[in-house]
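Structure first, commentary second.
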Amino acid sequence: AVPLSLRLPAGSTLPPGDGPPAGCSAHVPAADPFAGFDRTAPLPLQHLPRFRPRRHVSRAAGAGGWGVGRAGMLYRDLLPDRAGGSLIVSLIRIEEDGEVPDWVHYHRVRFQLIYIVCGWVEVVYEGQGAPFVLRPGDFVTQPPTIRHRVLHCSRGLEDRPAHVSTARRTEGP
């Protein structure tokens with residue numbers, strides 16, 4: 001059985017006592033703190049939280065666990081407290097190969113980078129030419145709010161994205 005994750009519009013509510021069925025989850029995004037800003041402009045620095053670094057060890061067998069996210073991708077936060085909300089570092093895994101059921105989306109982040117750990121992935125970025133493939137050791141930076149989509153991948157793809165933001169938000173076109 002594959003867990004089902006529902007992505008509901010911001011402000012949605014589930015009827016009282018009517019939660020998702022067993023093995024399923026429902027996610028209602030919080031209000032977007034940048035809703036009044038032009039999506040094409042860089043996010044204002046005054047909205048970034050204060051960076052609070054501390055020592056943290058994230059072990060593969062740790063309690064952090066994996067969660068199912070967008071398009072069935074598995075996500076694991078490597079920095080659970082997110083340095084006070086200012087830095088998000090994750091590990092993303094796609095276990096099956098072939099076409100990825102992703103959609104065109106963007107992230108409301110100040111800066112994002114992606115490093116491919118194993119496998120390969122084909123991606124496309126708005127206004128950046130034809131789709132291209134990233135392989136182990138490849139690294140790409142994504143400008144703030146650039147629309148993109150994961151198209152295809154190999155079995156066992158793992159990438160390590162890092163984001164500088166107040167909160168990682170993924171949105172549609």
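Of note:
- Counting charges near residue 150 (Lys, Arg +1; Asp, Glu -1) among other residues having Cβ under 11 Å from its Cβ returns a value of -2.
- Theoretical gain in end-to-end length, residue 118 to residue 155 [0.36 nm per residue, Cα-Cα removed]: 12.4 nm
- Proximal charge balance of residue 114 [Cβ under 9 Å; K/R count +1, D/E count -1]: -1
- Here the accessible area of segment 70-166 is 56 percent carbon and sulfur, with a 1.4 angstrom probe and all protein chains present.
- Simple spin-label estimate for residue 96 and residue 55 gives 4.3 nm between the two label positions (7 Å along the Cα-to-Cβ direction from each Cα).
The values are calculated or read from the model by the stated rules, or taken from the named source; none is laboratory data. Every value quoted in this text rests on a predicted model; they were computed, and no experiment measured them. Backbone-built Cβ (ideal geometry, glycine too); neighbour counts: all protein chains shown. These accessible areas exclude ligands, DNA and RNA; they are computed on the full protein's heavy atoms, side chains included. Shrake-Rupley method; radii C 1.70, N 1.55, O 1.52, S 1.80 Å.
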